[in-house]
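Only one structure is covered here, and it is reproduced in the block below.
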Amino acid sequence: MTDYFEVDRLAEDVAKIYASQLAVSLFKVNKNKHPSKEEFRNTVVEFMKQFEHSLDKFPDTEEGMKFKRYCRELLQRESDIVKTGKNKEVEKRYKYYTEYN
C-alpha cells in the first residue's frame, strides 16, 4: 500500500486547526454564544466535509481513485470521532468558546 503520511497528518489536524476554528467564527458571526455540543460538533463536521472538494483536483486514474477513496474513509473516521465527542481538541475549543464568550 502506498504511504499517505502527509494526508494522515492532515486528517488528524483538520478538525482542530481548520474546522473547529471556522465553527467558532460562524457562531460568533451568528451571535450564538452557547451552541449545544451536538450543534457545535455537527458544524465542525460540516466544515470538515469541505475538505472533500480538494480531492477533485486529483486525477481519476487508478492511483488517484485509490487516494481519494483512502482520504474519504479517513475523513469519515475523523468525523465520527468528532461526532461522538472523542476529539479532545474540538471539545476543548467548544468549552473555551461557550465558557469565555
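The values are calculated or read from the model by the stated rules, or taken from the named source; none is laboratory data. Nothing here was measured: the structure is a model prediction, and the numbers come from that model. Methodologically, a virtual Cβ is constructed for each residue, glycine included, from the backbone with ideal geometry; neighbour enumeration extends over all protein chains shown.
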Do we find that F27 is touching a Pro at 6+ places or on another chain (Cβ under 7 Å) and assigned to a helix (DSSP H, G or I) in this structure?
yes
Conditions (1) in contact (Cβ under 8 Å) with a residue 24 or more places away in the chain; (2) touching a helix residue (DSSP H, G or I) at 6+ places or on another chain (Cβ under 8 Å) -> K66 fails only (2)
Could you list, in sequence order, all residues of region 24-57 that are touching a residue at least 60 places away in the same chain (Cβ under 8 Å) and surrounded by 14 or more Cβ atoms within 10 Å (Cβ to Cβ)?
V24, F27, P35
Would you be able to say whether some residue in region 33-45 is β-branched (V, I, T), modelled with pLDDT under 95, part of a helix (DSSP H, G or I) and within 17 Å of the chain's Cα centre (by Cα)?
no
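Among the residues of region 58-82 satisfying the criterion of being closer than 28 Å to Y96 by Cα and among the acidic types (D, E), which is surrounded by the most Cβ atoms within 10 Å (Cβ to Cβ)?
Looking only at region 58-82, we keep the residues that are closer than 28 Å to Y96 by Cα, and these are 74-82.
Then drop every residue that is not among the acidic types (D, E), which leaves 78, 80.
Working: E78: 21, D80: 12.
In this case the residue turns out to be E78.
Does E6 satisfy the condition of being exposed (fewer than 12 other Cβ atoms within 10 Å of the Cβ), of a type outside the set (K, R) and either in contact with a His (Cβ under 8 Å, 6 or more places away or on another chain) or in a helix (DSSP H, G or I) (or both)? Don't jump to the end; show me each part of the working.
On the way: exposed (fewer than 12 other Cβ atoms within 10 Å of the Cβ): yes; of a type outside the set (K, R): yes; either in contact with a His (Cβ under 8 Å, 6 or more places away or on another chain) or in a helix (DSSP H, G or I) (or both): yes.
It is true that E6 is exposed (fewer than 12 other Cβ atoms within 10 Å of the Cβ), of a type outside the set (K, R) and either in contact with a His (Cβ under 8 Å, 6 or more places away or on another chain) or in a helix (DSSP H, G or I) (or both).
Among the residues of region 69-101, which ones are in contact with a helix residue (DSSP H, G or I) (Cβ under 7 Å, 6 or more places away or on another chain) and of a type in the set (D, E)?
Kept after step one, since they are in contact with a helix residue (DSSP H, G or I) (Cβ under 7 Å, 6 or more places away or on another chain), are these residues of region 69-101: 71-72, 74-75, 78-79, 82-83, 85, 87, 89-90, 93-94, 97.
Residues satisfying the conditions are E78, E89.
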